[in-house]
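Where a number appears in this text, it was derived from the coordinates with a stated rule and is not lab data. Quick caveat: nothing in here was measured; it's all calculated off a predicted structure. Please note: Cβ atoms are built from the backbone with ideal geometry, for glycine as well, and neighbour counts cover all protein chains shown.
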Amino acid sequence: MNMIAAVDNNWAIGCQNSLLVHIPRDQKQFREMTEGKIIVVGRKTLNTFPQKQPLKNRMNIILSRDRQYRVRDAIVIHSIDELLEELKKYDDKQVYVAGGASIYEQLLPYCDTVYITKIDYAYQADAYFPRLDRLSDWELAQESEEQTYFDLTYYFQKYVRKC
Ligand SMILES: NC(=O)c1ccc[n+]([C@@H]2O[C@H](COP(=O)([O-])OP(=O)(O)OC[C@H]3O[C@@H](n4cnc5c(N)ncnc54)[C@H](OP(=O)(O)O)[C@@H]3O)[C@@H](O)[C@H]2O)c1
């Protein structure tokens, strides 16, 4: 199973239920990597999507503990155990965990590949990704050339779980 996230220098991912920054090329890469696949997000992250709706052209699995909660065109799941059971139906290479902080933290143990957009800036933030560069069972396997968006510098990175 994969994860995908955009993080800053402190591995921050969000502030007040919003992304830290919108980088068009990063959004394009996210779309290209996840279209036709399965994304798993927490209920709060769904609320950051356009019109608070599931993303088009891919299967959306939303985690919420609220058993009354319904989302049109998405599957709502109520626990990690229930999620793991649901995901048995799919090839785990097709599954992308896409946030937010609580979902990244709980599902990292089940993932073997993490796609990080590393933004060279330190934002004010209140949501974080686990610091993969300090976890001994993860290694940086690939890094793109330097990318720029106005005065921002960022890199596309791929972390893999060590065998
Ligand atoms: N930079 C990035 O790549 C990126 C990507 C995604 C999100 N984000 C940011 O991350 C932040 C949101 O993160 P967050 O941690 O506050 O929220 P979140 O992880 O998106 O959603 C949390 C919600 O998920 C549900 N949930 C969590 N664990 C669950 C479990 N074990 N079983 C069932 N439901 C569960 C709960 O919903 P209920 O309350 O309904 O029970 C919980 O309130 C925002 O700032 C967002 O912009 C950043």
Cα-based count: Lys pairs in the chain below 23 Å, eight or more positions apart or different chains? 25
Quick check on packing: order 137-148, 104-115 by the mean number of other C-beta atoms within 10 Å, highest mean leading. 104-115, 137-148
Relative contact order in percent for region 16-70 (Cα pairs under 8 Å, 6+ apart) equals 36 percent
Roughly what would the spin-label model give for Glu82 and Asp133, points 7 Å off Cα along C-beta, in nm? 3.8 nm
Looking at region 113-146, which trypsin sites (Lys or Arg not before Pro) are in a loop (DSSP not H, G, I, E or B) and have at most 16 other Cβ atoms within 10 Å? Arg131
A chain fully extended from Lys162 to Tyr149 at 0.36 nm per residue, minus the present Cα-Cα distance, gains in nm 1.5 nm
I'd like to know how the chain sits against the 2.2 N^0.38 Å rule of thumb: what's its Cα Rg over that expected value? 1.00
Rank these for me by crowding, His22, His78, going from fewest to most other beta carbons within 10 Å. His22, His78
Using label points projected 7 Å from each Cα along Cα→Cβ, tell me how many nm separate Glu32 and Gln68, to one decimal. 4.4 nm
Between the modelled labels at Ala122 and Ser102 (7 Å from Cα along Cα→Cβ) the distance in nm is 2.8 nm
